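Below is one structure, written out as structure tokens; the observations come after it.
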Amino acid sequence: MSAAPVEQTSGGTDATTVLREAARRRTFAVISHPDAGKSTLTEALALHARVIGQAGAVHGKAGRRGTVSDWMDMEKARGISITSAALQFEYRDAVVNLLDTPGHADFSEDTYRVLTAVDAAVMLIDAAKGLEAQTMKLFAVCRHRGIPVITVVNKWDRPGKDALELMDEITERTGLTPTPLTWPVGIAGDFRGVLDRSDGSYRRFTRTAGGATIAPEETLPAEAALAREGDAWQQAVEEVELLAATGADHEQSLFLDGVTTPVLFASAVSNFGVGALLETLVALAPAPADQPDSDGGTRTVTDPFSAFVFKVQAGMDTAHRDRLAFIRICSGVFERGMVVTHARTGRPFATKYAQHVFGRERESIDVAYPGDVVGLVNAAALGVGDTLYAGRPVSYPPLTTFAPEHFAVCRGRDTAKHKQFRRGIEQLDSEGVVQVLRSDRRGDQAPVLAVVGPMQFEVATHRMEHEFGAPVALEPLPYSLALRTDAESVPGISASSGAEVLQRGDGELIAVFANKWGLRVLQQNKPELTLEPLVAAQL
Ligand code: G4P
């Protein structure tokens, strides 16, 4: 039998290699409410994959060895991580890409963009708090995008809710059926290990000093577990029987279809259950799949190189003041130095500087495959949502922008700095830090900045002053609602008090209103006006 001809991708790498490399990629993000332990878990995962020698190296927390993660002064001051990046490591035969998401609700639009670039998500829940507001919002994004979710109940080392109660909460509030893969032995606050539901064995944990190193695990058969843990084991066994009776068993197709969520119990700070999470990701999370394009077609993973920009970040390295565009590779091979096409402009784009970026750590990338994230340096021409490709053209659908809820007029405080002002505003707009809205009436010197969360204003103000040398003053506007409109409706809307029409960078006309009552009155009086929601569902 003769071998099938080997198909070449644009980079000269054969399709079999691309397929093999794509199949071993696991690209995911951790979604959680702030303080559930996302940074701690990220460190623990990296520790397990032996990227870092000691937990505490990723997130600069008090009392731990801090190096990476917080770039901007503001982030440091607030102890939040606004910027995000990707951590890549090998685990067994897999290549894991862990995309960082900002924890604060005000940056939910950034988080949404990151979630467009992943194939799976880990929903991290604090055992004592259960499902919190931000977890629910992010979960809604995952459901909307059809991203399969693995749930991790964290902080089991501390007193918390009852495990079965938490399963009920997941069922009731997310609509997902939890299918625990492990079950805790010992109640929350007395975490001894987990019952592995795949074979009924006991994975017993051993505490290490401060959770700084991988916690050794010992696997014991059921009889030995009973002898060792007594009632705690017996209770776990009984609860697992209850789970089995209610059909809470993992079935891969239901997980991929977003019907069920596998559940694991962990204590990220003690490194308990972290190995099981990595194994689960490798075994169950989907590899990169063929991607739908804007024309209703499909770009298969073995097609020539294509990627989309899901994040643009400037000012990450204060010494360099550079601008990075993060791309998620959808098809083909990326080879540093290749010249690709920027779909929006049709211009060539040279990828001379390509990097893995995690916190302050940067490393050149020479080759990357579908599922990987590449940071392109000095990518001034690239904006969020842009497509890059080689070979046959392709364009991926634009990323959804959220409807802003806060608006402010932005004016330069130093009139001599109008050039810096313009450059800064343009930059913040293309990065998606804020949406910039303009109108003839307000003029170019006084654009309106529109945001989902007010902290975005602080980032914009800080960066205008420190990065672009153009200090600004913001004057809040009394609007809270934004809708799409058209040119014919402008006079009708502008004539009503408490409303105005502004234009977004992409040409879209945006009508803004102080509140929904003003909007309702206008719609009743002038039903012919076009006023549509900006996004199908605000997440
Ligand atoms: P985030 O990124 O989701 O915001 O959470 P982060 O990892 O920063 O963790 C928030 C707090 O919860 C930290 O405590 C962290 O140590 C703690 N934590 C994380 N995982 C666990 C866990 O499994 N068990 C327990 N008991 N605590 C956990 P902190 O007091 O804010 O900081 P630190 O001084 O302890 O580092």
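The values are calculated or read from the model by the stated rules, or taken from the named source; none is laboratory data. Everything numeric in this text was worked out from a predicted model, so none of it was measured. In this analysis, Cβ positions are derived from the backbone assuming ideal geometry, glycine residues included, and neighbour counts consider all displayed protein chains. To get the accessible areas, we keep the full protein, side chains included, count just its heavy atoms, and leave off ligands, DNA and RNA. Shrake-Rupley method; radii C 1.70, N 1.55, O 1.52, S 1.80 Å.
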Quantify, in whole percent, the carbon and sulfur part of the accessible surface of the chain (1.4 Å probe; protein heavy atoms only). 51
Can you tell me the accessible area per residue over region 343-483, all protein chains present, probe 1.4 angstrom, in square angstrom? 45
Could you point to the residue in Ile493, Phe255, Pro393 farthest towards the positive end of the chain's charge dipole, with +1 and -1 charges on the Cβ of Lys/Arg and Asp/Glu respectively? Ile493
Given Thr415, Ala450, Val436, which one lies farthest toward the positive end of the charge dipole of region 406-525, if we put +1 on the Cβ of every Lys and Arg and -1 on the Cβ of every Asp and Glu? Thr415
Go through 481-491, 333-343 and give me the packing order, highest mean Cβ count within 10 Å leading. 333-343, 481-491
Sequence gap at least 6, Cα distance under 8 Å: using those rules, report the relative contact order of region 386-539 to the nearest whole percent. 26
Calculated FRET efficiency for the pair Leu256/Thr219, C-beta based, R₀ 25 Å, to 0.05: 0.30
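Could you work out the relative contact order of the chain? I mean the mean sequence separation of Cα pairs under 8 Å and 6+ apart, divided by the number of residues, in percent.
This gives 13 percent for the chain.
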Evaluate the charge dipole of region 191-276 about its Cα centre and quote only its size in Debye, nearest 20, assuming +1 on the Cβ of each Lys and Arg and -1 on the Cβ of each Asp and Glu. 460
About the Cα centre, charge dipole magnitude for the chain (Lys/Arg +1, Asp/Glu -1 at Cβ), debye: 1640
Tell me the label-point distance for the pair Arg207, Ser364, using the 7 Å Cα-to-Cβ offset, in nm and rounded to one decimal. 4.7
Among Leu264, Ser294, Val512 - extreme Cα towards positive end, dipole of the chain, charges at beta-carbon: Val512
In what sequence, highest mean first, do 445-457, 35-47 appear when ranked by Cβ atoms within 10 angstrom? 35-47, 445-457
Mind checking the per residue accessible area of region 129-219 for me, 1.4 Å probe, whole number of Å²? 41
Can you give me the relative contact order of region 291-389 as a percent, contacts being Cα pairs under 8 Å and 6 or more apart? 33
When the dipole is taken about the Cα centre of region 442-522, and only Lys, Arg (+1) and Asp, Glu (-1) are charged at their Cβ, what size is it in debye, to the nearest 20? 320
Checking rank on 403-411, 89-97, 236-244, with mean other Cβ inside 10 Å and highest first, the result is 403-411, 89-97, 236-244
